[in-house]
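I am attaching a structure below and will ask some questions about it afterwards.
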Amino acid sequence: MPKQFIKPYFYGMGRRSKNELFEGVKVVDTASKGKTVAKTDEGAIIFLTSGVPGDVVDIATYKKRKGFYEGNIVKFHKQTDLVELFHGFPSKHLA
C-alpha cells in the first residue's frame, strides 16, 4: 500500500498575484528616473513608466510594495496637451 502524501503547512500559500486594475486615476506628478506618480481616490500611490501630469488613465499594476504600486498605463481617458503643460517656455523647445 503506497504512503499517503501529507501536504506541508505552507502548501498552497504561494505569493498572491499583485496585478490589479485601477480605473480613472489621475497622474499628479513626476518622479525620478523618468517615472510619473498617480494617486487614486483611496490614497494608493502608483509609480508609472509613462504619462504626463494631468492625464486620466486606467492602470494595470505589476508590483506591490509596502507603500506603493508599480504599474503601466492601459488606457487614456484624458490626455494633457503638452503646449498647455509647458506654457511659458519658448516654443523652440517643443519642436
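Laboratory data are not the source of any read-out in this text; all were calculated from the coordinates shown. If you're wondering where the values come from, they're calculated on a predicted model, not measured in any experiment. Cβ: placed from backbone, ideal geometry, glycine included. Neighbour counts: every protein chain shown.
Which one of G43, V27, V56 has its Cα pushed farthest toward the positive end of the charge dipole of the stretch 21-85, where Lys and Arg give +1 and Asp and Glu give -1 at the Cβ?
Final value for the positive-end residue is G43.
Charges at C-beta only: +1 for Lys and Arg, -1 for Asp and Glu. How large is the resulting dipole of the stretch 21-85 about its Cα centre, in Debye rounded to 20?
Working: 10 positive and 9 negative charges, 85 e Å.
So the dipole magnitude of the stretch 21-85 works out to roughly 400 debye.
On a 18 Å Cα-Cα criterion, which of the cross-link pairs K39/K63; K39/K64; K33/K66; K39/K75 come out too long? Display every interim value, and only then the final one.
On the way: K39/K63 16 Å; K39/K64 14 Å; K33/K66 20 Å; K39/K75 16 Å.
Table pairs above 18 Å Cα-Cα are K33/K66.
Provide the packing ranking of 33-45, 57-69, i.e. peptides ordered by the mean count of other C-beta atoms within 10 Å per residue, highest first.
57-69, 33-45
Looking at the stretch 21-85, what % of the alpha carbon pairs are farther apart than 14 Å? Don't skip to the end; give the middle numbers.
Numbers: 1039 of 2080 pairs.
Percentage above 14 Å: 50.
Could you put D29, D55 in order, starting from the residue whose Cβ has the fewest other Cβ atoms within 10 Å? Intermediate results must be reported in sequence, preceding the final value.
Numbers: D29 10, D55 20.
Fewest to most other Cβ atoms nearby, the residues stand as D29, D55.
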